1. Using the beta-carbon distance between K169 and N89 and R0 = 25 Å, what value does 1/(1 + (r/R0)^6) give for FRET efficiency, to the nearest 0.05?
2. Got the relative contact order for the chain handy, in percent, Cα pairs under 8 Å and 6 or more residues apart?
3. Mind putting a number on the dipole of region 1-113 about its Cα centre? Charges go on the C-beta only, +1 for Lys and Arg and -1 for Asp and Glu, and I need it in Debye to the nearest 20.
4. Select from region 160-206 those trypsin sites (Lys or Arg not before Pro) which occupy a DSSP coil region and have at most 16 other Cβ atoms within 10 Å, ordered by residue number.
5. Full extension from S183 to S12: what is 0.36 nm times the residue separation minus their Cα-Cα distance, to one decimal in nm?
6. When the dipole is taken about the Cα centre of the chain, and only Lys, Arg (+1) and Asp, Glu (-1) are charged at their Cβ, what size is it in debye, to the nearest 20?
7. Holding the Cα-Cα limit at 19 Å, pick out from K39/K69; K7/K115; K19/K95; K38/K92; K38/K169; K137/K169 the pairs that are longer than that.
8. Sort out for me the Cα centre separation of region 71-126 from region 1-50, rounded to whole Å.
Amino acid sequence: MAATMEKVAGMSNMLQFMKLIGQLKRVPRTGWVYRNVKKPESVSDHMYRMAMMSLTITDPTVDKDRCIKLALVHDMAECIVGDIAPSDNISKEEKHRREEATMRHLSSLLPEGLKQEIYGLWEEYESQGSPEARLVKQFDLLEMILQAHEYEELEGTPGRLQEFFDSTKGRFQHPDVLELLSSLNAERDCRMTETHDAKTSPSSSSASSQPSTIPHTS
């Protein structure tokens with residue numbers, strides 16, 4: 001009887017855990033909200049593509065499974081504290097304190113083994129205490145600027161989110177990440193050049209100088 005009640009309580013806690021992390025699907029990434037991006041991605045969206053970056057890394061010296069786990073856990077606390085951005089004027093110490101308290105609560109809902117694993121993964125990422133944690137941090141930044149590029153394409157405004165790219169300069173080291181970054185920059189530069197050429201072409205200037213044909217109503 002006691003064992004049955006313990007199992008029921010354990011499943012109830014697991015359900016609460018799943019509901020809490022499910023909120024990540026409804027927490028928008030603050031940086032995009034502040035830049036007035038329409039339909040900004042969620043924290044969950046961001047972590048999913050980071051996990052895919054971890055899965056597709058070609059470096060044989062990297063523990064892929066650990067990278068995937070780190071990617072899935074690193075922003076988990078945001079299901080309760082939200083996505084705290086630098087412009088929110090909350091110190092790194094306070095941000096860490098809030099997220100640490102949240103992770104202790106979330107992990108307390110899990111069986112002992114999982115509790116230690118998930119909290120330990122979060123600590124590992126926060127401290128950047130392993131090669132995998134440092135690589136996943138690079139994935140975090142790479143995913144951000146890839147998303148910025150996609151928003152620029154969707155809006156038809158190449159270069160509008162340049163500040164996100166500027167914030168990552170000098171922060172990439174892994175060869176695989178640098179190769180993907182090079183491909184991203186090349187594509188983005190091409191889009192920006194195409195847009196600039198279209199705006200400065202004679203046909204564009206001529207079209208813009210034509211009188212409006214929109215009828216006027218009385």
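The values are calculated or read from the model by the stated rules, or taken from the named source; none is laboratory data. Note that the coordinates shown come from a computational prediction; the quantities given were computed from them, not determined experimentally. Cβ sites come from the backbone with ideal geometry, for glycine too, and all protein chains shown count toward neighbours. Only protein heavy atoms, including side chains, enter the accessible area calculation; ligands, DNA and RNA are left aside. Shrake-Rupley method; radii C 1.70, N 1.55, O 1.52, S 1.80 Å.
1. On the way: r = 23 Å, r/R0 = 0.93.
With R0 = 25 Å, the Cβ-Cβ based efficiency is 0.60.
2. 18
3. Values: 17 positive and 15 negative charges, 84 e Å.
Approximately 400 debye in magnitude.
4. Hits after loop and neighbour filter: R160, K169, R171.
5. Stretched fully, the S183-S12 segment lengthens by 56.9 nm.
6. Once rounded to the nearest 20, the dipole reads 580 debye.
7. From K39/K69; K7/K115; K19/K95; K38/K92; K38/K169; K137/K169, over 19 Å: K39/K69; K19/K95; K38/K92; K38/K169.
8. Answer, in whole Å: 12.
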